[in-house]
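Following: one structure in structure tokens, then a few remarks.
The values are calculated or read from the model by the stated rules, or taken from the named source; none is laboratory data. In this text, all values refer to a predicted model and were calculated from it rather than measured experimentally. Every residue, glycine among them, receives a Cβ derived from its backbone with ideal geometry; neighbour counts consider all protein chains shown.
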Amino acid sequence: MQLRSPESTQSDFQKDTIIGHAIKSCSFNMFDEALFQQRLDDFKPEPLIIPVDPTKEIEILMVAEDNINIDLAKVNYLNLLNNDEIKKICEDTIREYGVGTCGPPAFYGTTDVHFELHERLAKFLRMEDSIVYCYGFLTLSHSIAAFCRERDVVFVDERANLAIEQGLDIALSKVVKFTHNDPEDFKAKVQEVIAKEKKKTRKFLVVEGISWRTGKLCPLPEFIAVAEEFKIRVFLEESHSLGVFGATGRGLTEYYNIDPQRIDMIFGTFEGAIGSIGGFSAGSYIAIEHHRMFGSAYMYSASLPTYLVKVVLKSIELLGDAPRKFSGLAKTFNHFLEKECRFKVESHPEAPFKLIGIKPKTDEIKVYQYCKERGVHFIQSDEGLVINLNVSLLDEKEKLERVYEVLKGASELIA
């Protein structure tokens, strides 16, 4: 083999350098500035978020409850946010574990307390296993995306909440929507899909126990009957039914006396009756193990802080007869709104929040402002007026009577 001399090596290097500069110069001269500018001008990507209308006033409601103000905007159905035992447990847990795990569950983000909750929650829901997510919205979206694939068909309510919609977008599955809470339309849509399909596909049904948008109660037995007839997997979202439906707060399976094993996955947030943040998914051992491997929000997000895990454990322990008492409050409050105030209540009588539809919009604003000025605070949303109930109203008769008095006055204002 002939070796190059240092002189020849330097010469070759200089030659390569000159050629490289020539190529770059040639490429630069060939660059079409006009075409580049045109493509930049034509590039108009969709916004990542919907821009806020600068002409629309946004109200941030901060209510400090006192003798004048009553907060019915906060989601605190069983009043667990005000429980002294829970506050003490939070303090003690923070002193022992800190405020966060600083890592995903699969790495160093799982503590013995997390394992305790997985076991306790599965037992409470009468499922084989469960896992816990750090954020409720991610729980709903990624619980769906962990299972559903592009080749699958997912049947979903036309009024499904935003988190479910996001999960379906991530999954890229074929989405078939049916009429809100209508098992007959669901069955018709299933039959249409089966009649058109060339080969069998996996099929899923996603339903909400209590609809976030309408407050309606899902007729779960009828949906399950259709799903079982056509061998469709059932996912039940229980964010607003867990803790307040069923004699012991186990949700719709207890409320309807349905064997939980007939449902493939129960998932939801802890941000309703349970008084914490984060969310959960419960199902068979195989389904939850699949979650641990394919739930991207579970794999790559820091785990739920340990003190908030303790909150969930204590909340389940404290449920007692609170679900039964809350059900009584919800039905009594619903009766008052419909019979005494003559309001049109869209939500189910036992729903934890009351959705009131008032038309025209000007009358809705009048009711909202009247109550706000008299210290009864709730939410004015795109769907209507939303009143979040709190079981503590049963023990504070004077406060409940004042709520009734103010709402009755508001109803007379638009009668």
- Only residues that are closer than 20 Å to R95 by Cβ, of a type outside the set (A, V, I, L, M) and assigned to a helix (DSSP H, G or I): list them for region 283-314, please. T306, Y307, K310, K314
- Query: Somewhere in region 152-161, is a residue farther than 21 Å from S296 by Cα and free of Cβ contacts under 8 Å to residues at least 40 places away in the same chain?
  - Reply: yes
- Restricted to region 354-374 and to residues being touching a Gly at 6+ places or on another chain (Cβ under 6 Å) and at pLDDT 95 or above, the residue surrounded by the fewest Cβ atoms within 10 Å (Cβ to Cβ) is L355
- For region 166-184, which residues satisfy the criterion of being exposed (fewer than 15 other Cβ atoms within 10 Å of the Cβ) and assigned to a helix (DSSP H, G or I)? D169, E184
- Message: Can you confirm whether N69 is more than 18 Å from the chain's Cα centre (by Cα), in contact (Cβ under 8 Å) with a residue 24 or more places away in the chain and surrounded by fewer than 16 Cβ atoms within 10 Å (Cβ to Cβ)?
- Response: yes
- Message: Among the residues of region 138-152, are any part of a strand (DSSP E or B) and either in the same structural domain as N257 (by TED's automatic domain parsing) or of a type in the set (S, T, N, Q) (or both)?
- Response: no
- Task: Would you please name the residue that is surrounded by the most Cβ atoms within 10 Å (Cβ to Cβ), looking only at residues in region 144-159 that are touching a helix residue (DSSP H, G or I) at 6+ places or on another chain (Cβ under 7 Å) and closer than 9 Å to K177 by Cβ?
- Result: F155
- Verdict on G272 being at pLDDT below 95, within 30 Å of K344 (Cβ to Cβ) and surrounded by 23 or more Cβ atoms within 10 Å (Cβ to Cβ): yes
- Answer yes or no: is there a residue in region 79-99 that is within 22 Å of the chain's Cα centre (by Cα), under 26 Å from S392 (Cα atoms) and assigned to a loop (DSSP other than H, G, I, E, B). yes
- Being touching a Phe, Trp or Tyr at 6+ places or on another chain (Cβ under 8 Å) and either in the same structural domain as T110 (by TED's automatic domain parsing) or within 18 Å of A410 (Cβ to Cβ) (or both) narrows L355, L337 down to just L337
- Look at A297 and say whether it is in the same structural domain as A106 (by TED's automatic domain parsing) and under 22 Å from T248 (Cβ atoms). no
- Examine region 123-135 for a residue that is part of a helix (DSSP H, G or I) and free of Cβ contacts under 8 Å to residues at least 12 places away in the same chain, and state whether such a residue exists. yes
- Message: If I ask for residues that are over 26 Å from P323 (Cα atoms) and surrounded by 16 or more Cβ atoms within 10 Å (Cβ to Cβ), which ones from region 275-298 would you list?
- Response: A287, I288, H291, G295, A297, Y298
